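The values are calculated or read from the model by the stated rules, or taken from the named source; none is laboratory data. Model, not experiment: these values are computed from the prediction. Methodologically, a virtual Cβ is constructed for each residue, glycine included, from the backbone with ideal geometry; neighbour enumeration extends over all protein chains shown. To get the accessible areas, we keep the full protein, side chains included, count just its heavy atoms, and leave off ligands, DNA and RNA. Shrake-Rupley method; radii C 1.70, N 1.55, O 1.52, S 1.80 Å.
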Amino acid sequence: FVAWGGDVRRPDAYGLSTRLSVSTYPCIALLAFSGQRTKLVALVQGRVRAPELLAALRRALDEQGMLLMAEQLEQEERDTSRRLLAEQNAEYEASLAADQLREVRRQDEARRAEEAAQQQAAEEARKRA
């Protein structure tokens with residue numbers, strides 16, 4: 001949770017109070033952030049006693065708690081998918097590099113075998129001549 005206090009004489013606090021349609025001060029707003037979205041979860045306006053404020057915040061938490069947990073699980077799934085994809089890409093790149101190295105070695109061996117065969121053929125031709 002993040003706690004922030006604002007004075008409506010300042011542009012940022014005034015803008016937020018306008019967007020929330022605050023009409024009575026003091027005002028306490030509980031906001032939930034989900035990606036790029038911000039959702040108003042609870043708005044308590046005017047002077048309230050501590051037990052009333054606590055009750056309002058607890059109600060909001062009870063109502064929004066399951067949604068928050070679901071969003072956290074979705075975020076964890078996205079993170080796990082990203083991590084798995086990165087691991088798969090790394091394994092693919094390593095496998096590709098190993099395949100390329102094997103191909104270079106195979107071509108090198110084939111070239112050496114061809115050179116050895118040509119050299120042997122040249123020696124046999126000299127011996128016959």
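Is it the case that segment 73-94 has a residue that's part of a strand (DSSP E or B) and either of a type in the set (S, T, N, Q) or in contact (Cβ under 8 Å) with a residue 60 or more places away in the chain (or both)? No; the residues of segment 73-94 include none that is part of a strand (DSSP E or B) and either of a type in the set (S, T, N, Q) or in contact (Cβ under 8 Å) with a residue 60 or more places away in the chain (or both). Could you say whether any residue in segment 70-91 is among the hydrophobic types (A, V, I, L, M, F, W, C), open to solvent by less than 70 Å² (accessible area, probe 1.4 Å), more than 31 Å from the chain's Cα centre (by Cα) and modelled with pLDDT of 90 or more? No, the conditions are met nowhere in segment 70-91. Do we have Glu124 as closer than 30 Å to Ser17 by Cβ, free of Cβ contacts under 8 Å to residues at least 40 places away in the same chain, of a type in the set (Asp, Glu) and open to solvent by less than 90 Å² (accessible area, probe 1.4 Å) here? No; evaluated as a whole, the condition is false for this residue.
When Ala29, Ala60, Ala94, Ala42 are checked against the criterion of being out of contact with any Leu (no Cβ under 7 Å at 6 or more places or on another chain) and either of a type in the set (Ser, Thr, Tyr) or open to solvent by less than 100 Å² (accessible area, probe 1.4 Å) (or both), a single residue qualifies: Ala94.
Selection of first residues in segment 34-47 that are of a type outside the set (A, V, I, L, M) and of second residues that are not in a loop (DSSP other than H, G, I, E, B), restricted to Cβ pairs under 7 Å at least 6 apart or on distinct chains, gives the following pairs, ordered by first then second residue: Ser34/Glu71; Thr38/Leu31; Lys39/Leu31; Lys39/Ala32; Gln45/Cys27. Summed over segment 72-111, the residues that are among the hydroxyl-bearing types (Ser, Thr, Tyr) and closer than 30 Å to Phe33 by Cβ give a count of 2.
Listed conditions (1) in a loop (DSSP other than H, G, I, E, B); (2) of a type in the set (A, V, I, L, M); (3) at pLDDT 85 or above are all met by Ala3, apart from (3).
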